[in-house]
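The structure that follows is given in the form of structure tokens.
The values are calculated or read from the model by the stated rules, or taken from the named source; none is laboratory data. Since the model is a prediction, treat every value here as computed from it, not as a measurement. No Cβ is skipped: glycine too gets one built from the backbone with ideal geometry, and neighbour counts run over all protein chains shown.
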There are 2 protein chains.
Amino acid sequence: MRYLIVFLLFISSQVTAQVPALYNHVSNEVHLLHSKVLQQDRQLYIQVPHLDSAAANTALPVLYLLDGENHFHLLAAYIEYLSHWQVIPPMIVVGIISVDRVKDLTPTNSVLNFSGKVDSSYKTSGGNEPFLTFVQQELMPYVEAKYKTSAVKILAGHSFGGITTLNCLLTRPSLFDAYIAISPSLWFANKFVLHLTEKRLPQLALANQKLFYSVGNEDGSFRQDVVRFDRLIKKGRLKNLEHRYKEYPAESHMSEPIPAYYDALRFIYKDWKPDSVK
Amino acid sequence: MRYLIVFLLFISSQVTAQVPALYNHVSNEVHLLHSKVLQQDRQLYIQVPHLDSAAANTALPVLYLLDGENHFHLLAAYIEYLSHWQVIPPMIVVGIISVDRVKDLTPTNSVLNFSGKVDSSYKTSGGNEPFLTFVQQELMPYVEAKYKTSAVKILAGHSFGGITTLNCLLTRPSLFDAYIAISPSLWFANKFVLHLTEKRLPQLALANQKLFYSVGNEDGSFRQDVVRFDRLIKKGRLKNLEHRYKEYPAESHMSEPIPAYYDALRFIYKDWKPDSVK
């Protein structure tokens, strides 16, 4: 019996010892959510701000972030820091971890890569519809049941995540209040999203949504497609869509998200004041 | 006895239960280091990159960050992300947590605030010398004993942390390879650091150090002092100091660190390539 106690004490101290003190003044939790729509478990990184007791009951906006495995840490740091200094409101960040990103983050099936060559890694492409259905019907209710959320929702994505964001704006315009598309891969599937923009933009049922989109120093045709998208947006003169386009000639496709996500947050909350309700 | 076991099992399971799964693919550890020089315990946040087994033996540069409690999360995210995409090398980030920041991060004693009024919260000011001695004689040896570090060291600070960085450059120019001073409070103590720059810059024993400094939209005299510092640096034509000055007219004193720390890292490593040794 004595041995058992020693053993249990040993386990107990081991458990403690294996958990080093971590810098973590926000809650960055890993959640697992089963999706019936996608028929798979989905991993989520969720950052929830620590609020003063006076503000503990505040309803929080939620930023839904595609490619969470790449960009969660960055967005989490921005949002924690900017909200601490009252530049933007405190909000929840939900990073959606990719399982098959080519599948989830493309609007239609195409096996052609940027160079126009057949690429077998693209064969699962075209899953935007079920993925966005998962976001709307399963992920949002999960987050809204678990936390005190306000009505404000933001969708943010980069590259394939960028075309997913734009596809969502064009097919479910009222699902989010703000859309962020960093270097959207508009070339994909014979410029599928660019054509969709041309077709749907004039009739889009908007209600003061915000849209930020950008491009880095990617080669000519990649950038040209984003410039074409920008022309369509500007030509549209949509009263209920506030938009900003920014080019980052000094940034590559992979470094651009750092300044661009920052500028996107500042754009979305440019009129926000600390005493605003949302 | 049985109760004791149940109790121990309970403790054991509690310890486990209190540790939610956290998003943490880097090691963000909290260290406590006793300083004989300062006669106090100092808390540190340390991020160490997870390297592939092939790279596990790489000697890492170290970035020492003042005001760690404010900026660690941001710098940790930048460095993790940029090194993952091979824009900068993987490196260790050491965030020094403030105890009495007015004391540690000022070069001389002065009780006058920015408006020239006596401010009792400034009465402990003037502790740069013992603080930098702590960094050199205790903190660096601690970090270098604990991790496999390269010779490359960076010092980064904002506001009072910015004048501390510049004071370190002027008084211990070879202690770091690169110095980052975001909106240094050059007004402090009748422009103490500005006068020191005028006096010491011409004789400074430099060996290819790098210096990044910047200013936001602070009011006129704050910015004017940084502009004066910039003139001294440019007038100096120092062969062994590569410097960059950047102004952020759209950023406040507190939001400026976000773009400025990013630009500082890109400046310091602008010539770095993934196959570089350091």
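Among the residues of the range A:224-244, are any among the charged types (D, E, K, R), in contact with a helix residue (DSSP H, G or I) (Cβ under 8 Å, 6 or more places away or on another chain), closer than 30 Å to B:Ala250 by Cα and within 14 Å of another protein chain (Cβ to nearest Cβ)?
Yes, the range A:224-244 contains at least one residue that is among the charged types (D, E, K, R), in contact with a helix residue (DSSP H, G or I) (Cβ under 8 Å, 6 or more places away or on another chain), closer than 30 Å to B:Ala250 by Cα and within 14 Å of another protein chain (Cβ to nearest Cβ).
I'm checking my understanding of the structure. Among residues of the range A:224-278 that are without any contact (Cβ under 8 Å) to a residue 60 or more places away in the chain and of a type in the set (Asp, Glu), which one is nearest to A:Ser83 (Cα to Cα)?
Applying the filter and picking the extreme gives A:Asp275.
Sticking with this structure for a sec: Of the residues A:Leu60, A:Leu51, A:Leu44, which single one is more than 12 Å from chain B (Cβ to nearest Cβ) and closer than 20 Å to A:Leu139 by Cβ?
A:Leu60
Would you be able to say whether some residue in the range A:114-123 is touching a Pro at 6+ places or on another chain (Cβ under 9 Å), part of a helix (DSSP H, G or I) and either of a type in the set (A, V, I, L, M, F, W, C) or crowded, with 17+ Cβ neighbours inside 10 Å (or both)?
Scanning the range A:114-123, I find no residue that is touching a Pro at 6+ places or on another chain (Cβ under 9 Å), part of a helix (DSSP H, G or I) and either of a type in the set (A, V, I, L, M, F, W, C) or crowded, with 17+ Cβ neighbours inside 10 Å (or both), so the answer is no.
Tell me which residues, restricted to the range B:179-207, are within 23 Å of B:Arg266 (Cα to Cα) and either in contact with a Lys or Arg (Cβ under 6 Å, 6 or more places away or on another chain) or at pLDDT below 95 (or both).
Hits for the range B:179-207 are B:Leu206, B:Ala207.
Would you check if there is a residue in the range A:113-122 being within 14 Å of another protein chain (Cβ to nearest Cβ) and over 22 Å from A:Leu38 (Cα atoms)?
The answer is no, given that none of the residues of the range A:113-122 is within 14 Å of another protein chain (Cβ to nearest Cβ) and over 22 Å from A:Leu38 (Cα atoms).
Does any residue in the range B:187-210 that is under 25 Å from B:Phe222 (Cβ atoms) come within less than 6 Å, Cβ to Cβ, of a residue that is part of a helix (DSSP H, G or I) and at pLDDT below 95 six or more places away or on a different chain, and which pairs are these?
B:Leu201/B:Gly236
Would you mind telling me which numbered condition in (1) among the aromatic types (Phe, Trp, Tyr); (2) free of Cβ contacts under 8 Å to residues at least 24 places away in the same chain; (3) within 29 Å of B:Glu198 (Cβ to Cβ) B:Phe131 fails?
Failing condition for B:Phe131: (2).
I'd like the full set of residues that are more than 8 Å from chain B (Cβ to nearest Cβ), in contact (Cβ under 8 Å) with a residue 40 or more places away in the chain and more than 11 Å from A:Tyr261 (Cα to Cα), limited to the range A:71-91.
If the condition is that a residue be more than 8 Å from chain B (Cβ to nearest Cβ), in contact (Cβ under 8 Å) with a residue 40 or more places away in the chain and more than 11 Å from A:Tyr261 (Cα to Cα), then A:Gln86, A:Ile88, A:Pro89, A:Pro90, A:Met91 are the ones that fit.
Can you list the helices (runs of 4 or more DSSP H) lying wholly within the range A:176-277 that have 2 or more residues being acidic (Asp, Glu)?
Those helices (runs of 4 or more DSSP H) span A:220-236.
Mind listing whichever residues of the range B:142-158 are farther than 15 Å from B:Phe176 by Cβ and out of contact with any helix residue (DSSP H, G or I) (no Cβ under 9 Å at 6 or more places or on another chain)?
Hits for the range B:142-158 are B:Tyr142, B:Ala145, B:Lys146, B:Tyr147, B:Lys148.
Pull out all pairs, ordered by first then second residue, where Cβ-Cβ is under 7 Å, the residues are six or more apart or on different chains, the first lies in the range B:100-126 and is of a type in the set (D, E, K, R), and the second is surrounded by fewer than 18 Cβ atoms within 10 Å (Cβ to Cβ) and in a loop (DSSP other than H, G, I, E, B).
Within 7 Å, the pairs are B:Asp100/B:Thr124; B:Lys103/B:Thr124; B:Asp119/B:Val111; B:Asp119/B:Asn113; B:Lys123/B:Val111.
Quick check on A:Val94: is it part of a strand (DSSP E or B) and within 14 Å of another protein chain (Cβ to nearest Cβ)?
Yes.
Mind listing whichever residues of the range A:252-261 are more than 9 Å from every other protein chain (Cβ to nearest Cβ) and out of contact with any Leu (no Cβ under 7 Å at 6 or more places or on another chain)?
A:His253, A:Glu256, A:Ala260
Oh, and also: Please enumerate the residues belonging to the range B:29-52 that are among the aliphatic types (A, V, I, L, M) and assigned to a strand (DSSP E or B).
Selection gives B:Val30, B:Leu32, B:Leu33, B:Leu44, B:Ile46, B:Val48.
Let me ask something else. Are any of the residues in the range A:3-25 at pLDDT 50 or above, closer than 15 Å to A:Val93 by Cα, assigned to a loop (DSSP other than H, G, I, E, B) and not hydroxyl-bearing (Ser, Thr, Tyr)?
No - not one qualifying residue is present in the range A:3-25.
Taking only the range B:43-73 into account, find how many residues are surrounded by fewer than 21 Cβ atoms within 10 Å (Cβ to Cβ), modelled with pLDDT of 90 or more and within 30 Å of A:Trp85 (Cβ to Cβ).
2
Also, I was wondering about something else. Evaluate the following for A:Met140: is it touching a strand residue (DSSP E or B) at 6+ places or on another chain (Cβ under 8 Å) and either farther than 23 Å from A:Leu38 by Cβ or within 14 Å of chain B (Cβ to nearest Cβ) (or both)?
So A:Met140 does not fit the description; no.
What tally of residues in the range B:53-84 results from selecting those that are more than 18 Å from the chain's Cα centre (by Cα) and not in a helix (DSSP H, G or I)?
Qualifying residue count for the region: 4.
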